[in-house]
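Contents: one structure, followed by commentary.
The values are calculated or read from the model by the stated rules, or taken from the named source; none is laboratory data. Bear in mind the structure is a predicted one, so any value in this text is a computation, not a measurement. As a convention, Cβ positions derive from the backbone with ideal geometry for all residues, glycine included, and neighbour counts pool all protein chains shown.
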Amino acid sequence: MTVRQDWTRPEIAALFDLPFTELVFRAAEVHRAHHAAGEVQLCTLLSIKTGGCPEDCGYCSQSASAETGLKADKLMDVGAVLASAAEAKAAGSQRFCMGAAWRSPKDRDIPRVAQMIAGVKAMGLETCMTLGMLSQAQAQALADAGLDYYNHNIDTAPENYANIVSTRTFDDRLETLSNVRDAGVAVCCGGIVGMGETRAHRVGFVHALATLPRHPESVTVNALVPIRGTPIGDMLADTPLAKIDDIEFVRTVAAARITMPRSMVRLSAGRESMSEATQALCFLAGANSIFTGDKLLTTGNAGGGADATLFAKLGLRPMAGEEPMRVAAA
Ligand code: SAM
Ligand code: DTB
Ligand code: SF4
């Protein structure tokens, strides 16, 4: 099976339109042709700089314009980050993802961030950072520090972007992704499903990812975590019918898997309120990576104990080379 960057929107729309079982079956076939189905990568998130962000992303608890009451913190010390990474390693994580609520890092922050990268890498973990927009020089500095992945999401279809964020453009996102690629760092990129977008927007979102010059090595599919005090969280809480249907979420995962066969597809935020059955369908439809641990950035996550139980039920294994997950005491 070849990897294509020339997907068209009608082709992707036709995938979404397939009978559900046919779509999931095709996605599972692609998954098996390119990956060890049954193995799931474990990633752990840490917010290294929380809150007070000047951007106005309508879903985010960390935007200074949101009324979430979140306390803004300064950039963490390197030692505290490394202690958290050691815990993630002991719990069987393969990748440690560090996120900062910045529009873009200040050059004076780069040395400390570089120390975090070097320290986490020295523990034998893959390193990932998500720090907002990067200049070419900043991307190169992170690459020189040994960064393996950079997470930078396009979030939604290009034509829906302005409805979600007004303080930057879709093209700004593409520019950082290109700077990251040019620096030789692998790309983690995806977005959020369930922000009140249309099916056509979901098609456009998958299309935008699948037609990048190179597919992201990791594709994150987040289900919106609706947060009170954010414009999109409030809108959804007040109109429950707007909540994304589980089957439509699985369709999005399947379309990502079929169009980007070699990428890791991460079932990201939103698992805490997702049934085991829906998560199982996502794994069947080709998701092969998750965030584990009790916390995402500012919201809760299913947690290692729940994941170990789920993996045992489904017969899934953490991706090779990792320690077994600790199963929580009953
Ligand atoms: N500030 C950086 C940036 O936006 O590039 C990095 C951190 S940001 C929180 C990382 C990603 O988390 C966002 O791009 C978005 O896709 C996802 N995210 C944030 N809040 C979310 C929410 N409430 N539900 C689901 N995903 C969310
Ligand atoms: C991504 O796509 N999802 C992660 C990670 N990349 C940085 C973040 C999810 C955040 C969920 C909401 C919160 O905890 O604040
Ligand atoms: Fe800031 Fe990132 Fe949240 Fe947007 S998603 S408000 S850039 S922390």
For the range 116-153 the number of residues that are of a type outside the set (Asp, Glu), surrounded by fewer than 17 Cβ atoms within 10 Å (Cβ to Cβ) and not in a loop (DSSP other than H, G, I, E, B) is 4
Going through the range 213-270 in order, the residues found to be within 29 Å of residue 179 (Cα to Cα) and without any contact (Cβ under 8 Å) to a residue 12 or more places away in the chain are none
Exactly one of these conditions fails for residue 212: (1) under 21 Å from residue 9 (Cα atoms); (2) within 13 Å of ligand 1 (Cβ to nearest atom). Give me its number. (2)
State which residue pairs qualify: first residue over 18 Å from residue 270 (Cβ atoms) and inside the range 297-319, second residue part of a loop (DSSP other than H, G, I, E, B) and basic (Lys, Arg) in any location, beta carbons under 9 Å apart, and separation of 6 or more residues or different chains. 305/326; 308/326
Would you mind finding the one in 38, 52, 99 that is surrounded by fewer than 17 Cβ atoms within 10 Å (Cβ to Cβ), within 16 Å of ligand 2 (Cβ to nearest atom) and either of a type outside the set (A, V, I, L, M, F, W, C) or more than 23 Å from residue 230 (Cβ to Cβ) (or both)? 52
Would a scan of the range 57-73 turn up a residue that is assigned to a loop (DSSP other than H, G, I, E, B), touching an Asp or Glu at 6+ places or on another chain (Cβ under 6 Å), away from ligand 1 (no atom under 13 Å from the Cβ) and not hydrophobic (A, V, I, L, M, F, W, C)? yes
Among residues of the range 161-199, those that are more than 20 Å from residue 148 (Cα to Cα) and among the aliphatic types (A, V, I, L, M), counted: 6
Suppose the filter is modelled with pLDDT of 95 or more, closer than 16 Å to residue 252 by Cβ and in contact with a helix residue (DSSP H, G or I) (Cβ under 7 Å, 6 or more places away or on another chain); does residue 46 pass it? no
Among (1) part of a loop (DSSP other than H, G, I, E, B); (2) more than 27 Å from residue 186 (Cβ to Cβ); (3) under 18 Å from the mean Cα position of the chain (by Cα), where does residue 228 come up short? (3)
For the range 88-115, enumerate the residues that are part of a helix (DSSP H, G or I) and either of a type in the set (A, V, I, L, M, F, W, C) or free of Cβ contacts under 8 Å to residues at least 24 places away in the same chain (or both). 88, 90, 108, 110, 111, 113, 114
Looking at residue 176, is it closer than 22 Å to residue 126 by Cβ, of a type outside the set (A, V, I, L, M, F, W, C), assigned to a helix (DSSP H, G or I) and within 16 Å of ligand 3 (Cβ to nearest atom)? yes
Only residues that are over 16 Å from the mean Cα position of the chain (by Cα) and among the charged types (D, E, K, R): list them for the range 269-293, please. 276
Condition broken by residue 84, with the remaining ones in (1) outside any helix (DSSP H, G or I); (2) in contact with a Leu (Cβ under 9 Å, 6 or more places away or on another chain) satisfied: (1)
Subset of the range 205-248 [away from ligand 3 (no atom under 16 Å from the Cβ) and among the basic types (Lys, Arg)]: 214, 243
If you take the residues of the range 55-72 that are within 13 Å of ligand 2 (Cβ to nearest atom) and over 19 Å from the mean Cα position of the chain (by Cα), which of them is farthest from residue 193 (Cα to Cα)? 70
